[in-house]
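**Q** Structure provided below as structure tokens; questions to follow.
The values are calculated or read from the model by the stated rules, or taken from the named source; none is laboratory data. All of these numbers come straight from a predicted model, not from anything done at the bench. We place every Cβ from the backbone using ideal geometry, glycine too, and count neighbours over all the protein chains shown. Only protein heavy atoms, including side chains, enter the accessible area calculation; ligands, DNA and RNA are left aside. Shrake-Rupley method; radii C 1.70, N 1.55, O 1.52, S 1.80 Å.
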Amino acid sequence: MENELLLVILQRATHVTLQVLETELADLGLTASELNVLANLADDRERTVSELGVAAGVRPTTLTGVLDRLERKGHITRAPRPGDRRAVQISLTALGVQGAGRVQRAFAEVEKRALAGVPASSVKQARRVLTALGAV
């Protein structure tokens, strides 16, 4: 396993993590992509679609469908960005704030459980590695 590609390990970890999160948050009725977007909006800061796409690591075409579903489910609203009518601003509704909070807490709890036996220095190094991979 030591010679296994890091990206293969990352892919496996991502899928397992998403399965755990989807199970723990099943009552919200959200897909993994919707959970990801809510997690990225959990700070309740408005973002444009392009800003959110970068933060969530989602292509604009994929993000449009995710936002459509979140809007239909009552979690977000879309409005023109003040001063730039071409840009669309995404905001959480009251339901969205609740959902995003639950998602954020679940993400934190799963991370805490998964990394319980890992030294803090290793977690810090993993953050640097994952950040570098995310910047490719």
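**Q** Considering the dipole of the stretch 10-67 built from charges on the beta carbon (Lys and Arg +1, Asp and Glu -1) around the Cα centre, which of T64, L35, T23 is farthest to its positive end?
**A** T64
**Q** Heads up, I need the accessible area for L95: 1.4 angstrom probe, whole protein in place, Å², nearest 10.
**A** 80
**Q** To continue, here is another question. Over the chain, give the accessible area per residue in Å² for a 1.4 Å probe, as an integer. Intermediate values should be presented prior to the final figure.
**A** Working: 8980 Å² over 136 residues.
Using a 1.4 Å probe on heavy atoms only, each residue of the chain averages 66 Å².
**Q** Taking amide hydrogens as modeled 1.01 Å from N in the peptide plane, which residues meet the under 5 Å criterion relative to Q89, leaving out close sequence neighbours?
**A** A79, R81
**Q** When a/c is below 1.5 the answer is rounded, else prolate if a/b is larger than b/c, else oblate, so apply that to the stretch 1-67 with a ≥ b ≥ c taken from the square roots of the Cα gyration tensor eigenvalues.
**A** Details: a/c = 2.38, a/b = 1.47, b/c = 1.61.
Oblate, because a/c is 1.5 or more while a/b does not exceed b/c.
**Q** Please list, ordered by chain and number, the residues whose modelled amide H lies under 5 Å from the amide H of I76; skip anything fewer than 5 residues away on the same chain.
**A** E71, T93
**Q** Using only the heavy atoms of the protein chains and a 1.4 Å probe, how would T23, T31 rank by accessible area, largest first?
**A** T23, T31
**Q** Using θ = phi - 60° and the Karplus form 6.51 cos²θ - 1.76 cosθ + 1.60, what ³J(HN,Hα) does each residue of the stretch 72-83 get, whole Hz, x for Gly and Pro?
**A** Couplings: 4, 7, x, 8, 9, 10, 10, 8, x, 6, x, x Hz.
**Q** Each residue of the stretch 107-114 in order: what ³J(HN,Hα) in whole Hz does its phi give by Karplus 6.51 cos²θ - 1.76 cosθ + 1.60, θ = phi - 60°, with x for Gly and Pro?
**A** Karplus values, whole Hz, x for Gly and Pro: 4, 5, 5, 5, 4, 4, 5, 5.
**Q** From the P(r) of the stretch 90-136, can you give the percent of Cα pairs sitting at distances over 12 Å?
**A** Numbers: 778 of 1081 pairs.
I get 72 percent for the Cα pairs in the stretch 90-136 exceeding 12 Å.
**Q** Using θ = phi - 60° and the Karplus curve 6.51 cos²θ - 1.76 cosθ + 1.60, what whole-Hz ³J(HN,Hα) does each residue of the stretch 88-93 get, with Gly and Pro shown as x?
**A** Here the 3J(HN,Hα) series is 9, 9, 9, 10, 7, 7 Hz.
**Q** Roughly how many percent of the accessible protein surface of the chain is carbon and sulfur, given a 1.4 Å probe and a whole-percent answer? Intermediate results must be reported in sequence, preceding the final value.
**A** Working: 5160 of 8980 Å².
It is 57 percent, rounded to a whole number.
**Q** Relative to the longest principal axis of the C-alpha atoms of the chain, give the angle of the C-alpha long axis of helix 6-24, reported between 0 and 90° and rounded to the nearest 10°.
**A** 60
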